[in-house]
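Notes follow once the structure below has been shown.
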């Protein structure tokens with residue numbers, strides 16, 4: 001699934017999920033994380049992390065705050081846009 005920009009993610013309760021009426025009204029725009037038979041539920045924060053990561057991955061992580069300092073590269077040399085891969089030039 002390709003996520004639009006902007007995207008809004010909704011998550012249901014760990015025990016019940018989202019209301020079936022909402023799922024039916026949003027058919028074709030819902031994503032379900034598969035899980036093994038017999039498991040009660042996936043932790044909601046883990047599901048949210050997986051979903052948010054996928055949205056950010058599709059946007060090539062552009063626009064995120066650059067925290068920390070690389071030892072071999074410089075954040076100022078990051079070339080990043082949604083049409084190409086992120087690349088970093090090596091520090092001299």
Roughly speaking, what is the stretch gain from residue 56 to residue 37, that is 0.36 nm per residue apart minus the C-alpha to C-alpha distance, in nm to one decimal?
-> 3.9 nm
Computed over segment 1-59, the relative contact order (Cα-Cα under 8 Å, seq sep at least six) in percent reads 43 percent
With a 10 Å Cβ neighbour count serving as the proxy for reagent exposure, in which order, fewest first, do 59, 36, 24 appear?
-> 36, 24, 59
Over the alpha carbons of segment 1-59, what is the largest minus smallest coordinate on each principal axis, giving the biggest first in Å?
-> 34, 25, 16
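Read-outs: derived from the displayed coordinates by stated rules, not from any lab. Computed from a prediction, not measured in an experiment: that's the story for all the values here. Using ideal geometry, Cβ is built from the backbone for each residue, glycine included, and neighbour counts are taken over all protein chains shown.
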